[in-house]
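Below: the structure, in structure tokens.
The values are calculated or read from the model by the stated rules, or taken from the named source; none is laboratory data. Just so you know, these numbers come straight off a predicted model, no measurement behind them. Virtual Cβ from ideal backbone geometry, glycine too; neighbours counted across all protein chains shown. With ligands, DNA and RNA removed, areas are computed over all heavy atoms of the protein, side chains included. Shrake-Rupley method; radii C 1.70, N 1.55, O 1.52, S 1.80 Å.
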Amino acid sequence: MTTDLSSEAADRLDAEDELAPLRERFVPITDPGVVAYLDGNSLGRPLRATAERLQELVTHDWGARLIRSWEERWLALPEEIGDDLGRVALGAAAGQTIVADSTSVCLYKTLRAAVALRPGRDEIVTDTANFPTDRFLVESVAAELGRTVRWLEDDDVAAVTGPRTAAVVLSHVDYRTAAITDLAAVTRVVHERGGLVVWDLCHSVGSMPVELDAAGADFAVGCTYKFLNAGPGAPAFLYVNARHHEAFGQPITGWMGAADTFGMAAKYVPAPGVRRALSGTPPVLGMVGVQDGVALLAEAGIDRVRAKAVALGRWVLALADAWLVPLGFTIGSPREDDRRGAHVTLRHPDAERLSRVLIDHGVLIDFRRPDGIRIGLSPLTTGFAEVRRAMARIRELAG
């Protein structure tokens, strides 16, 4: 852990950062009151390229080509971008990832499909600390299908899975603490007991390597508006391992997932492969941001992105230990680099009030109940000097 916490040290870290030049690719923050934007793990900053592409789409693809753009370009986007995302960020071979819907809808589709693939098993497992959408949907699907929810209270997946386990729903990175779950190890444990796993990758995709194929993962879902910088409400993605394609049956059988989209057939026949996971019309405007975010991530390289996330986390921990722990803060994230995602949570008894004060004074962070202040570390947009300014402001306002 570094002992030099000076502004000069921060400037040196920024000068040595190989990814620093990519910050110029983003729309600049024009609000003079913003000291630091440390909430990219909730909403990533917009790319200049996305603004330009949206203008081009409106004036040319939509404005000039009109409905012809569906066949010329748009209909292929869910699979095309999905393949790029799988290759760049998910460790997934082509034909297994598709861009569609919201994370919640994708989770519903994959969880229903996973349970259907395990008839005779009546339990769905998730953890009590999982993101609310995940917990709510597990309870909803269980009620809909007459299944029982088995709650995981700690990290011992082996203790709560067995012959009754149909599916397990877990987050790869904890949205509060940034703790990383061993995706491959948990997948292996669940498979040994005959169950399937649906992974939520919202807080890992775009910030760290994910190896779905190598781990033998079954299903995965995630959003694109955090570390992929695709924009508010940008479409999510889902992954279905190729070994499940033939038997994969998703519950929202819309026309875009049919074998003959424009055949207007009397009965639904699913498209081959992962395209059957589609339902309604692809959100073309939102997909522009996903495509640009994935392209920049490919240029940056996921390993370099992960290395910077780790370095930023170390920097936050060093500053927090020196400046904030003496003021009553504690660290709510793992200190070990290999166990921590791309944010650091600071805990404080008065975190809710202090979070509002920080935001009012230009340090844009997230509050998470009951006492967590999340310091989001988006490797493509967050700088070391920026983090130091924010931590100095926190020290000033909390002192």
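Can you give me the relative contact order of the range 176-243 as a percent, contacts being Cα pairs under 8 Å and 6 or more apart?
Details: 83 pairs, mean separation 19.2, N = 68.
Here the relative contact order equals 28 percent.
Calculate the FRET efficiency for LEU145 and ARG87 from the Cβ-Cβ distance with a Förster distance of 22 Å, rounded to the nearest 0.05.
In this case the efficiency is close to 0.05.
Under 13 Å from a label point 7 Å along Cα→Cβ of GLU211: give me every residue in the range 51-94 with its amide N that close.
Flagged as within label range: 90-92.
Say each of ALA158 and ALA265 gets a label point 7 Å from the Cα, pointing the same way as Cα to Cβ; how far apart are those two points in nm?
So the label points at ALA158 and ALA265 sit 4.6 nm apart.
Towards the positive end of the charge dipole of the chain, with charges on Cβ (+1 Lys, Arg; -1 Asp, Glu), say which of VAL316, LEU19, LEU38 has the farthest Cα.
LEU38
Rounded, prolate or oblate: which fits the chain, taking a ≥ b ≥ c as square roots of the Cα gyration tensor eigenvalues, rounded meaning a/c under 1.5, else prolate when a/b beats b/c? Spell out each step's value before the answer.
Numbers: a/c = 2.16, a/b = 1.32, b/c = 1.63.
Judged from the Cα gyration tensor, the chain comes out oblate (a/c at least 1.5, b/c at or above a/b).
Within the chain, which is the longest segment that contains none of the GluC sites (Glu not before Pro) sitting in a DSSP loop with at most 16 other Cβ atoms within 10 Å?
Segment 19-152 is the longest.
State the Cα centre-to-centre distance between the range 328-399 and the range 236-290 in whole Å.
After rounding, the separation between the Cα centres reads 40 Å.
Sort ILE180, ILE252, ILE373 by heavy-atom solvent-accessible area, probe 1.4 angstrom, most to least.
ILE252, ILE180, ILE373
Helix-derived [θ] at 222 nm for the chain: sum -39500 (n - 2.57) over DSSP H runs of at least 4, divide by residue count, nearest 500?
Computed ellipticity for the chain at 222 nm equals -10500 deg cm²/dmol.
For the range 270-399, what's the radius of gyration and Dmax over Cα atoms, in angstrom?
18.5, 61
Which part of the range 365-399 falls in the paramagnetic zone of GLU52, meaning amide N under 20 Å from the point 7 Å along Cα-to-beta-carbon?
380-381
How many nm is it between the label spots at ARG73 and ALA242, if each spot is 7 Å from the Cα in line with the beta carbon?
3.0 nm
Pop the C-beta distance of ASP11 and ALA185 into the FRET formula with R0 = 41 Å and round what comes out to the nearest 0.05.
Computed FRET efficiency for ASP11 and ALA185 comes out at 0.55.
With labels modelled as points extended 7 Å from the Cα through the Cβ direction, what inter-label distance (nm, one decimal) is found for GLU18 paired with ARG304?
Spacing of the two 7 Å Cα→Cβ label points: 0.6 nm.
At most 11 other Cβ atoms within 10 Å and a DSSP loop assignment: could you name the trypsin sites (Lys or Arg not before Pro) in the range 242-284 that fit?
LYS267
Which of MET287, MET264, MET256 moves most in a GNM of the chain, Cα contacts under 10 Å?
Fluctuation is largest for MET264.
Over the range 1-88, what percent of the accessible surface lies on carbon and sulfur atoms, probe 1.4 Å?
So the carbon and sulfur contribution to the accessible surface is 54 percent.
Find the accessible area per residue for the chain; the probe is 1.4 Å, ligands and nucleic acids are left out, and the unit is Å². Before the final figure, lay out each step's value.
Values: 16570 Å² over 399 residues.
With all protein chains present, the chain gives 42 Å² per residue.
Give me, ordered by chain and number, the residues 5 or more places off ALA258 or on other chains with an amide H under 5 Å from its own placed amide H.
Correct list: ALA271.
Between rounded, prolate and oblate, where does the range 1-124 land on the alpha carbon gyration tensor, with a ≥ b ≥ c its root eigenvalues, rounded for a/c under 1.5, else prolate if a/b exceeds b/c?
oblate
Which percent of the accessible area of the range 198-299 is formed by carbon and sulfur heavy atoms (probe 1.4 angstrom)?
After summing per-atom areas, the C and S share lands at 59 percent.
Checking a compactness column here: for the range 345-399, what do you get for Rg(Cα) / (2.2 N^0.38 Å), N being the number of residues?
Rounded to two decimals, the normalised Rg is 1.07.
Would you mind checking which residues have amide H under 5 Å from SER333's amide H? H placed 1.01 Å from N; only 5 or more apart, or other chain.
Excluding prolines and chain starts, which carry no amide H, the hits are THR345.
Within the range 73-103, which residues have the backbone N less than 12 Å from the label spot 7 Å out from THR133 along Cα→beta-carbon, could you tell me?
100-103
Could you order LEU196, LEU43, LEU5 by accessible surface area, starting with the largest, using a probe radius of 1.4 Å?
LEU43, LEU5, LEU196
List the DSSP H helices in the chain whose Cα atoms stretch 18 Å or more along the helix axis and whose mean Kyte-Doolittle hydropathy is at least -0.5. Each step should come with its number before you reach the end.
Numbers: long enough: 103-116 (19 Å, 0.86); 132-145 (20 Å, 0.31); 284-300 (24 Å, 1.40); 302-319 (26 Å, 0.75); 384-398 (21 Å, -0.04).
Counting only whole DSSP H runs, the qualifying helices are 103-116, 132-145, 284-300, 302-319, 384-398.
Between rounded, prolate and oblate, where does the range 60-135 land on the alpha carbon gyration tensor, with a ≥ b ≥ c its root eigenvalues, rounded for a/c under 1.5, else prolate if a/b exceeds b/c?
In terms of gyration-tensor shape, prolate.
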